[in-house]
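Taking it in order: structure first as structure tokens, then the write-up.
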Amino acid sequence: MRSSSFISRPPPLLSLLLLLLLLPPPPMRPIWAQVSTGAATRGTPDAPDCPKACACAPGGQANCSALVLVAVPAGLSRRVRTLLLDHNRVRMLPPGAFAGAGALLYLDLRENGLRSVHARAFWGLSALQRLDLSDNQLEALAPGTFAPLRALRFLSLADNRLALLEPAALGALPLLRALSLQDNALTAIPHDLLAGLPALDALRLRGNPWACGCALRSLCAWLRQHPRPASEAETLLCVSPGRQTLSPLTAFPDAAFRHCAQPLAARDLAVVYALGPVSFLASLATCLALGSVLTACRARRRRRRCCTAARRPPRRPPDPAPDGTAFPENPVSPTASSAQA
């Protein structure tokens, strides 16, 4: 009786194996779902290559968009290739704002209310190729702001408040191909600005109050050399002076600027800068030499007068008259005595 009950009741391990075999298998998850699940991970202490506030993905993308950030997040490394900081509240970029992200290729800073960019904010980003600073509140850029970005190919400054863009702010960007300056307050483009962008072939300019004067000579020449669609060319219109209002920039030939003074060439500027200090120092040395000679002549003349006065014999008293009276020191002429009488 005991033996039959022992045979009818299977051991616990055998029961567990039978239960696993009877259960239906779990549904298989597709490979793409597994990849997408691990593609975006929040930065944690176990992942120091990703800023804590951002979502990072394989390939070096750090997504920090719309997180109400007031500063560039810390924790950037050379593994970050794309940094999305758009739609935040980063009002200023201090020196070395992107320290550690030396391999960054794309930086998006759109719609941050950005007002100030330090001249050394982009130091260390020598590999950066795309920079988007559009839809901010920039009014001016310090000289040398973009000078470290020698590999830059695309730069957007659209929808800002720029009234003047100094050539020193951009510097020499030999690989820059696209520059967007639309919807600012620009009235002219300095001559040297375009001269430092030899690879530029796309320039967005609409939405600016252009003043069609001598300052636009180089820009009009560039537009003639780089034809653009008629629909876009028609949007580049003069706002001043009065007689040129609503005239398209592409309608001005080079002959229209004959009355303008030609800008000095680099060789002429070098001569001016070289001769200016030299001539100033030469004139200063000449003035000092003439002053020294004049002072020496006056001192010598003064010494001669003193020596002459010292060598002159002393005046002796007048000889007495025969009657024993002395002659007066200032004898009066007979005519003068008669007049006094």
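The values are calculated or read from the model by the stated rules, or taken from the named source; none is laboratory data. Because the structure is a prediction, the values reported are computed rather than measured. Virtual Cβ from ideal backbone geometry, glycine too; neighbours counted across all protein chains shown. Just so you know, the surface numbers come from the protein's heavy atoms only, side chains and all, with ligands and any DNA or RNA stripped out. Shrake-Rupley method; radii C 1.70, N 1.55, O 1.52, S 1.80 Å.
Among rounded, prolate and oblate, which fits segment 61-175 when a ≥ b ≥ c are the square roots of the eigenvalues of its C-alpha gyration tensor, a/c under 1.5 means rounded, and a/b larger than b/c means prolate? Here segment 61-175 falls in the oblate category. For a test of the definition: using alpha carbon positions, the gyration tensor, and the 1.5 limit on a/c, classify segment 118-158 as rounded, prolate or oblate. Note, shape of segment 118-158 comes out oblate.
Peptides 280-291, 189-200 ranked from most to least packed by the mean count of surrounding Cβ atoms within 10 Å: 189-200, 280-291.
Segment 110-135 and segment 160-202 have their alpha-carbon centroids 15 Å apart. Hey, any idea what % of segment 85-179's accessible area is carbon plus sulfur with a 1.4 Å probe? That fraction is 52 percent. Can you work out the PRE-style zone for M92? Point 7 Å along Cα to Cβ, and I want the residues of segment 127-162 with backbone N under 18 Å. Residues 136-143, 145 fall inside that zone. Label-to-label distance, A299 versus R258, with points set 7 angstrom from Cα along the beta-carbon direction: 6.4 nm.
Report, for segment 71-216, the % of DSSP beta bridges that are antiparallel, rounded to 5. Of those bridges, close to 0 percent are antiparallel. Taking 7 Å steps out from each Cα toward its Cβ at H118 and A195 produces label points 3.2 nm apart.
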